[in-house]
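Engineer: Before I ask anything, here is the structure I am working with.
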Amino acid sequence: MYKFKARFIKSFIFTLASLVILVVPLPSYSEVLQSRSLLGMYISGQERLIVRDNNGILEVLCDTEKEEEKMFSTYTSFPLIHTGGNKYLLLNHSPMKKERLKAEFTIDAGGNGSSLIVAGKKFQRKFFDVERGRTFKIKPLMREEVLRKHALAAEPPAEPGEFLKPDLIELIKIDPTIKTDIRYATEKNFMGIRLYDQPRAFLQREAASALVTANSKLSKYGYGLIVYDAYRPWYVTKMFYDATPDHQKEFVANPSQGSRHNRGGAVDVGLYELKTGKTIDMGSGYDEFSIRAHPDYPGGTSEQRELRNKLRVIMEGEGFKVFHNEWWHFDYRKWKKYPIMNLRFEEI
């Protein structure tokens, strides 16, 4: 009796899998390439959709959260079946039900999806700066010279208690295979101004050693770490905070408390390919103030989501912890044990 049930269940699962394959055929290579230009967020009033890649198959994610700050923390997903050109059928609920909704993309002059019509309802594509080839930038609340003057004249907050003696070390001196792209030493950052005099990256020695180990583990998969920022003088944190509009302040540290970066216990990293040296696209720009920056952002491609997870798993295995709204930001486990510092790089 039990053997019969087991055979029946196996047979049913096999039949179901066959039906799924028949209903959602595997896309061709050219279709996969074409579908990449359709990935993104589409909006109609308060309703939000994400079109993403799931191992070569397009999916539509429907946001089930009403609050803006919680968008896509929960969602429902539906595969899209290509029927030709820019037309698809949205498979509603499950492959066993025959409910289908017509879906059609509008393509802009750049070859990207600009809108999506589902069952007659139009959703407009929301393009993020990086998708348009631009660096994300805020609209600063103060001019650069005013920000800098106020920040340099201010003092870091006094902290009670005992701290470990700082022991900052430059990362490339202990592992030259760790690449650097110090954006704050250029104008290619969210502030749009040069904030560091030198393009260098420092961490507390123990955190730096852990980062070297993480880099070594990633090399087994063909990747290396690229560092965007590490230790940051306190006055720069104050410039960030004073310049950033209130609705975007969740992405910058409050100088009255200091930043993990100010203690030399945080690092901003991405991945590059060892074979080519090419920086890996992780699904958002560095320092992009958007939902796409969240570590668990469900959009993009399967590869991007997998690489974010790989980076997170390996970094957290070495004592770092990813920040809640930035996939690139990792805090070392002992960051609280070090004092807030305001040394410029040339003073280290």
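Engineer: Given the structure, is LEU80 surrounded by 14 or more Cβ atoms within 10 Å (Cβ to Cβ), assigned to a strand (DSSP E or B), modelled with pLDDT of 90 or more and touching a Ser or Thr at 6+ places or on another chain (Cβ under 8 Å)?
Structural biologist: No: the conditions fail for LEU80.
Engineer: Go through the stretch 217-255 residue by residue and tally those that are outside any loop (DSSP other than H, G, I, E, B) and either touching a residue at least 40 places away in the same chain (Cβ under 8 Å) or not assigned by TED's automatic domain parsing to the domain that holds MET341 (or both).
Structural biologist: The total comes to 21.
Engineer: Which of the residues spanning the stretch 303-312 are farther than 17 Å from ILE291 by Cα and surrounded by 13 or more Cβ atoms within 10 Å (Cβ to Cβ)?
Structural biologist: Passing the criteria: GLU303, LEU307, LYS310, LEU311, ARG312.
Engineer: Would it be correct to say that LYS137 is in a loop (DSSP other than H, G, I, E, B), more than 16 Å from GLY45 (Cα to Cα) and either outside the structural domain of ASN54 (by TED's automatic domain parsing) or modelled with pLDDT of 90 or more (or both)?
Structural biologist: Numbers: in a loop (DSSP other than H, G, I, E, B): yes; more than 16 Å from GLY45 (Cα to Cα): yes; either outside the structural domain of ASN54 (by TED's automatic domain parsing) or modelled with pLDDT of 90 or more (or both): yes.
Criteria met by LYS137.
Engineer: Hey, another quick one. Just a yes or no: is a residue in the stretch 43-55 surrounded by 10 or more Cβ atoms within 10 Å (Cβ to Cβ), at pLDDT below 95, at positive phi and polar (S, T, N, Q)?
Structural biologist: For the stretch 43-55, residues surrounded by 10 or more Cβ atoms within 10 Å (Cβ to Cβ), at pLDDT below 95, at positive phi and polar (S, T, N, Q): present.
Engineer: Next question, about the same structure. From the set of residues in the stretch 256-276 that are in a loop (DSSP other than H, G, I, E, B) and touching a strand residue (DSSP E or B) at 6+ places or on another chain (Cβ under 8 Å), which is farthest from ILE314 (Cα to Cα)?
Structural biologist: Within the stretch 256-276, the match that is farthest from ILE314 (Cα to Cα) is SER259.
Engineer: Right, something else. Can you list residue pairs whose Cβ atoms sit under 8 Å apart, with the first residue in the stretch 193-214 being touching a residue at least 12 places away in the same chain (Cβ under 8 Å) and in the same structural domain as ASP175 (by TED's automatic domain parsing) and the second being basic (Lys, Arg) and surrounded by fewer than 23 Cβ atoms within 10 Å (Cβ to Cβ)? Count only pairs 6 or more apart in sequence or on different chains.
Structural biologist: ASP197/ARG344; GLN204/LYS334; GLU206/LYS334; ALA207/LYS334
The values are calculated or read from the model by the stated rules, or taken from the named source; none is laboratory data. All of these numbers come straight from a predicted model, not from anything done at the bench. Quick reminder, even Gly has a Cβ in these numbers, built from the backbone with ideal geometry, and neighbours come from all protein chains shown.
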